[in-house]
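Encoded as structure tokens, the structure appears first; notes follow it.
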Amino acid sequence: MKGIKIPPEHPRAESLRIRERLIEHFSEGVVATAGLIAHGRGEAFDYLVGERTTKPALNAIKAAASALLTAEKPVVSVNGNTATLVAEEIVKLASVTKARIEVNLFYRSVERELAIKELLEKAGAHEILGVGKNASAKIPELGSERRRVDPQGILLADVVLVPLEDGDRTEALVKMGKKVIAIDLNPLSRTAQKATITIVDNVVRAMPKLVEIAEKLKHDVKKCREILSNFDNEKNLAESISLIKESLSKLAESGDYLTLEDEEL
Ligand code: PTJ
């Protein structure tokens, strides 16, 4: 399907372009129908965080980069929405952190697996795990199609990045002793609450920042360990929630509902 033309001067042009990209990839079989619903929910939460990378999000991104860089077997898990929105950043991050890339879908079909693989390969990926028969292992205690993982990837991983997740798998992976890094705009979601490191930010902002910070930290293991030992996910998540509350109070007081005050990062 050909999308509509977005007027560049439209005040929400970027947001509309992202929406169109998802619709286009939905027509091509990459994004699941529920992926469009998930995006709408993400957009709503993005308004609440002020459509910017907040200070707690940046702290979580630093911890995430550190966890990936110090991991023995890091894996980046990819679904339809993330392949559509940040394929290039996924490939860059995997290269900087020496992580493997695995397709893992809630609404699994061979057609979607292959469409996502193709998208990632176009973005420069050479090896994609979790496609077809390779997703032969199972995460215990999980009923959904997400339980099917690659024995060379998520099953063996010590750190798994799950950008835009549906919840139950995060908990199951943590129970298996893995560190789970979630990127989720909803700080109240099950994923956000159960992850080891929760980045409350839009994947389109968080992923480039994660690549940039991983580049800076990649030769400094000592610094990575220091960042990780000072990071408290529960406290950081509470700060993300408080920030939403404070920003909304400020907006209500100022009467200017369109501009959230910039904070020092
Ligand atoms: O491609 P599949 O088959 O694996 O399916 C993917 C979806 C997204 C449909 C599946 O994982 C799902 O159903 O997810 P949920 O339960 O809808 O949760 C998605 C979460 O991501 C919600 O908490 C949204 O607020 C959040 N979200 C949506 N868009 C973004 C986001 N978080 C960060 N960045 C976004 N762009």
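The values are calculated or read from the model by the stated rules, or taken from the named source; none is laboratory data. As the structure is a prediction and not an experimental result, all values here were calculated from the model. No Cβ is skipped: glycine too gets one built from the backbone with ideal geometry, and neighbour counts run over all protein chains shown. Accessible surface areas use protein heavy atoms only, side chains included; no ligands, DNA or RNA. Shrake-Rupley method; radii C 1.70, N 1.55, O 1.52, S 1.80 Å.
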Answer with yes or no whether Arg190 is more than 8 Å from the ligand (Cβ to nearest atom), of a type in the set (Lys, Arg), closer than 27 Å to Arg148 by Cα and surrounded by 22 or more Cβ atoms within 10 Å (Cβ to Cβ).
-> no
Scan of the range 13-57 for residues that are open to solvent by 70 Å² or more (accessible area, probe 1.4 Å), without any contact (Cβ under 8 Å) to a residue 60 or more places away in the chain and closer than 20 Å to Ala206 by Cα, ordered by number | Glu14, Arg17, Arg19, Tyr47
Where a residue in the range 162-183 is under 16 Å from Val203 (Cβ atoms) and its partner, wherever it lies, is among the hydroxyl-bearing types (Ser, Thr, Tyr) and open to solvent by 50 Å² or more (accessible area, probe 1.4 Å), with Cβ under 7 Å and at least six apart | Val180/Thr196; Ile181/Thr196
Options Leu185, Leu155; residue that is at pLDDT 95 or above, away from the ligand (no atom under 15 Å from the Cβ) and either open to solvent by 10 Å² or more (accessible area, probe 1.4 Å) or under 16 Å from Val78 (Cβ atoms) (or both) | Leu155
Just wondering, is there one or more residues in the range 136-147 that are touching a residue at least 24 places away in the same chain (Cβ under 8 Å) and touching a Gly at 6+ places or on another chain (Cβ under 6 Å)?
-> no
Going by the structure shown, is Val96 assigned to a helix (DSSP H, G or I), under 16 Å from Ala67 (Cβ atoms) and either touching a residue at least 12 places away in the same chain (Cβ under 8 Å) or open to solvent by 10 Å² or more (accessible area, probe 1.4 Å) (or both)?
-> yes
